[in-house]
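Here's the structure we're looking at; comments come further down.
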Amino acid sequence: MTGVVFIGLPMAINVRDVLRTDAFRALRDAGTEIHLFTPAAGVPEFRAEFEGPRVHLHPLVSPRSPAFEATDTLVLKLHVLLLSLRCDTARIMIEPSLAKSAWARLVRGTLRALGRTGQDALLGVTRALTVRTAPELYGDAFRQYRPDLVVGTRVITMSGPRTHSSPRYLDRHLLMSAARRGIPTMVLVSSWDNLTTSGFFPVDVDRITVWNDIMLEQAVGIHGVPRERVVVTGAPQHDVLAHAGPYQERGVFLRSLGLDPERRVVVYTTGTEGTIGHEPELVGVIARALESELADVQLLVRLHQLDRMDRYDSLRGRPRVVCDQAGKVPVGGFHDRDFDAAQHERLADTLRHADVVVNAASSISIDAAAVGTPVVCVDFDARPGVPYHSSVTRFYDFTHQRPVVESGGVSRAKSPEALIAAIRRYLDDRTLDADGRARLVREQCRELDGHAGRRVAEAMLEMLPRGVSR
């Protein structure tokens, strides 16, 4: 066999992107011994799907250490300030806090004065301090199975151990355990915004995979990862979009959702709960505008896997409005909804059968462009007079969002009236901005050929010793 790999999977979305793609299948077929650390390790159905002769499941463990919690919280706050000096996303995110805290402004000014060399040295010190104070959670597993490579999928975080979102990043403890032992580490950067919104890697990683050249430059320029350690693979979750046609015929698919196949469909995709202020109200504004101005159009509201259906109760009973929740009920200890192959194909068909896709600064713009569907990005708020740092507009100034707008592949609507006008243009001519959408796909997906998952597996296999006997 080719070695032993530990993989941390703290979120169901990472199961979709790794285990339910060719990344896992190719790694397993190469004869690799794989150990999966996941909140669903004890779920019989999950074990039945993934466990096998060379695939073993283990639970992820939460740290219980006051010393580590205190150290980690301070380090992550420092990392936020440092990241804000290197990209606009973090700067915009923390500006309200900086305005209130003289201490934060002083520390940020000191970090700026250190220059890049001093900042990188400090980053190394803080990483070493966190690794040293982190509790040993996986000592028995490391001693028993002796991994050749430890892989993380959600390790970049700005959230301390006590915050509600910290369970999403528990796999970073696997990497810290590996760093203590000098075992090679690797990170599969799971989303287009991770490198600009989510802090720094917990250790000096030996290899990372990214979607595209934009992320490669972010890894090098923002995080200081040596260029030779970065592998551009595309996104495995986009492989399903490379399918030549729909998975279900349009009429069958739309009827299954309660939609009329004879009417055109506008799809609005929500974000994570809390990301877009008053998003249910915003969807209501859009629904009323469509009802008033485009009587032959129906609205499908597809909820993010980290959103809640009950937030949109006000839409119940509205004519020509249907809500659909992404994913299935969470499995085991996952806090996000589960995506099996059918759910992944459902997303692809939702975008493919839509006449226009509408969203507020979401990566769904990339997915929709990948299947050739026009995209309108909402750039207004549900309520008038929202301050910039709470507004939808601020998202379009984020580092990872600018290339989307600059690609020419999306329309940006600054009012409900502009939204309706943009939708109407695309309904009249679906080919509008097709060149921009093609550019958006090239820049963000690199190669939409259905083989990104396999390239991720190859990047892992290259890190393993050959002909290992255990």
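Taken together, the values in this text are just the output of simple stated rules run on the coordinates, not laboratory data. As the structure is a prediction and not an experimental result, all values here were calculated from the model. Counting neighbours? That spans all protein chains shown, and the Cβs are built from the backbone with ideal geometry, glycine included.
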Lys and Arg at +1, Asp and Glu at -1: add these up for the other residues within a Cβ distance under 13 Å of Ala459 and post the number.
-1
Roughly what would the spin-label model give for Ser256 and Arg311, points 7 Å off Cα along C-beta, in nm?
2.6
If amide H atoms are modeled at 1.01 Å from N in the peptide plane, then the residues at a separation of 5 or more from His58, or on another chain, having amide H under 5 Å from its own are Leu36, Phe37, Thr38
Calculate how steeply helix 434-445 sits against the longest principal axis of the alpha-carbon atoms of the chain, using the helix alpha-carbon long axis, and give the answer as 0 to 90 degrees to the nearest 10.
20
Once you have a ≥ b ≥ c as the square roots of the Cα gyration tensor eigenvalues for the stretch 241-445, tell me rounded if a/c is under 1.5, and otherwise prolate or oblate according to whether a/b is larger than b/c.
rounded
Cross-link partners among aspartates and glutamates for Lys77, C-alpha distance below 15 Å, same-chain residues fewer than 8 apart left out?
Glu69, Glu95
What does the charge add up to near His238, with Lys and Arg as +1, Asp and Glu as -1, over the other residues with Cβ less than 10 Å from its Cβ?
-4
In deg cm²/dmol and to the nearest 500, what is the mean residue ellipticity at 222 nm of the chain if only DSSP H runs of at least 4 residues count, each as -39500 (n - 2.57), divided by the residue total?
-12500 deg cm²/dmol
Magnitude of the Cβ-charge dipole (Lys and Arg +1, Asp and Glu -1) of the stretch 241-445 about the Cα centre, nearest 20 debye, reported as 100
For Gly408, residues with placed amide H under 5 Å, excluding near neighbours
none
Which shape class, rounded, prolate or oblate, goes with the stretch 416-470 when its Cα gyration tensor gives a ≥ b ≥ c as root eigenvalues, a/c under 1.5 marks rounded, and past that a/b bigger than b/c marks prolate?
prolate
Cα centre as origin, Lys/Arg/Asp/Glu Cβ charges: the chain dipole, Debye
1220
Quick one: Cα centre-to-centre distance for the stretch 374-429 and the stretch 234-257, in angstrom?
25
Note on the stretch 241-445, DSSP bridge orientation, antiparallel percent to nearest 5 equals 5
Karplus (6.51, -1.76, 1.60) ³J(HN,Hα), θ = phi - 60°, over the stretch 224-237, in Hz, Gly and Pro reported as x
x, 6, x, 4, 5, 8, 9, 10, 8, 10, x, 9, x, 5
Tabulate in residue order the Karplus-calculated ³J(HN,Hα) for the stretch 352-362, using 6.51 cos²θ - 1.76 cosθ + 1.60 with θ = phi - 60°, rounded to whole Hz; enter x for Gly and Pro.
5, 8, 6, 7, 8, 10, 10, 7, 10, 6, 10
